1. Name every residue in segment 143-170 that is without any contact (Cβ under 8 Å) to a residue 40 or more places away in the chain and touching a strand residue (DSSP E or B) at 6+ places or on another chain (Cβ under 9 Å), in order of residue number.
2. Give me the pairs: first residue in segment 94-113 and within 20 Å of Ile245 (Cα to Cα) and without any contact (Cβ under 8 Å) to a residue 40 or more places away in the chain, second residue of a type outside the set (Phe, Trp, Tyr) and part of a strand (DSSP E or B), beta-carbon distance under 7 Å, and six or more apart or on different chains, which are they?
3. Search segment 139-151 for residues being assigned to a helix (DSSP H, G or I) and surrounded by 13 or more Cβ atoms within 10 Å (Cβ to Cβ), and hand back the single one that is nearest to the chain's Cα centre (by Cα).
4. Output the residues belonging to segment 97-131 that are modelled with pLDDT of 90 or more, over 19 Å from Pro10 (Cβ atoms) and among the charged types (D, E, K, R).
5. What number of residues within segment 208-228 are surrounded by 15 or more Cβ atoms within 10 Å (Cβ to Cβ) and within 16 Å of Glu154 (Cα to Cα)?
6. Are any residues in segment 229-245 surrounded by 17 or more Cβ atoms within 10 Å (Cβ to Cβ) and either more than 19 Å from the chain's Cα centre (by Cα) or over 28 Å from Leu14 (Cα atoms) (or both), and if so, which ones?
7. Mind counting the residues in segment 53-78 that are out of contact with any strand residue (DSSP E or B) (no Cβ under 7 Å at 6 or more places or on another chain) and not basic (Lys, Arg)?
8. Being farther than 18 Å from Arg64 by Cβ and either touching a helix residue (DSSP H, G or I) at 6+ places or on another chain (Cβ under 6 Å) or of a type in the set (Ser, Thr, Tyr) (or both) is the filter here; which residues of segment 136-152 pass it?
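The values are calculated or read from the model by the stated rules, or taken from the named source; none is laboratory data. Here the structure is a predicted model, which is why all the values come from computation and not from measurement. Cβ: placed from backbone, ideal geometry, glycine included. Neighbour counts: every protein chain shown.
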Amino acid sequence: MKVISCNGCPLRRLPLFTPQSAEELQFIEALKQDQLTFRADSVIIGEGRTDAPLYTLLQGWGYRFKTLSDGRRQILNFLLPGDFIGVQQNMGDAITHGVNALTDATVCVFRRDALWELHRYAPRLGFSVTWLSAHEESIVDDTLLSVGRRSAEERIATLLIVLYKRAAALSDDPPAEGVPFPLTQQHIADGLGLSLVHTNKTLRKLEARGLHHIANGRLQLRDAKALGRLADLYGDGRPAQRPLI
């Protein structure tokens with residue numbers, strides 16, 4: 001596996017990510033410990049782990065989740081390239097959630113005390129971590145809003161638009177053939193608090209109305225405006241420009 005330098009990272013040329021100075025890139029590179037690849041469906045961070053490092057997702061998709069004692073799972077949010085993983089763990093405490101790879105995934109690895117280094121010696125990068133943490137909290141807030149107040153159709157419409165816009169922002173070209181969409185119906189159900197049967201029926205109903213199409217691991221929005229009206233989103237779902245650690 002070829003190790004990609006921070007300066008040569010293919011994500012940094014995308015408009016989605018804010019530019020950083022040569023000094024900041026050098027500082028991030030010094031904190032980077034390794035680059036690892038995980039196979040699809042494998043564990044990146046296990047629930048209850050106490051020594052998990054920090055990761056930046058470089059390639060592939062993942063998801064953050066919690067499980068109950070009987071195995072029921074709630075997916076908290078889906079992770080796409082550029083997402084910073086593991087900062088939710090309190091220092092020295094066992095992590096209360098898990099992170100799994102949804103597809104084959106490559107991550108950049110940082111030691112946990114890198115957070116101290118960022119805040120102490122590179123305040124602008126420390127603020128970037130704070131921004132990323134607040135951004136992820138807002139994503140979880142939106143998920144809670146969906147689970148607590150939106151109907152099944154509204155929940156799925158919201159998820160489809162948000163993930164479509166997030167995935168499209170990671171591409172240089174307009175996604176004429178749709179965007180990658182590796183979620184199964186079980187992932188959608190676990191992310192939205194729905195049964196698998198209800199998820200299947202709702203997806204088929206929305207597709208029959210000509211709002212979207214999912215096939216061969218790709219998602220197309222066939223009537224994004226109608227889907228947006230159904231979702232009742234704040235804004236259009238397009239991700240804001242963001243830092244990249």
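1. Leu159, Ala168
2. Taking only residues 6 or more apart or on different chains, not a single pair turns up.
3. First, the residues of segment 139-151 that are assigned to a helix (DSSP H, G or I): 139-149.
Now narrow it down to the ones that are surrounded by 13 or more Cβ atoms within 10 Å (Cβ to Cβ): 139-140, 142-143, 145-147.
Values: Ile139: 9, Val140: 11, Asp142: 13, Thr143: 13, Leu145: 18, Ser146: 17, Val147: 18 Å.
Among those that are assigned to a helix (DSSP H, G or I) and surrounded by 13 or more Cβ atoms within 10 Å (Cβ to Cβ), it is Ile139.
4. The one that is modelled with pLDDT of 90 or more, over 19 Å from Pro10 (Cβ atoms) and among the charged types (D, E, K, R): Arg124.
5. Qualifying residue count, segment 208-228: 7.
6. Within segment 229-245, Leu230, Ala231 meet the criteria.
7. Count: 4.
8. Matches in segment 136-152: Ser151, Ala152.
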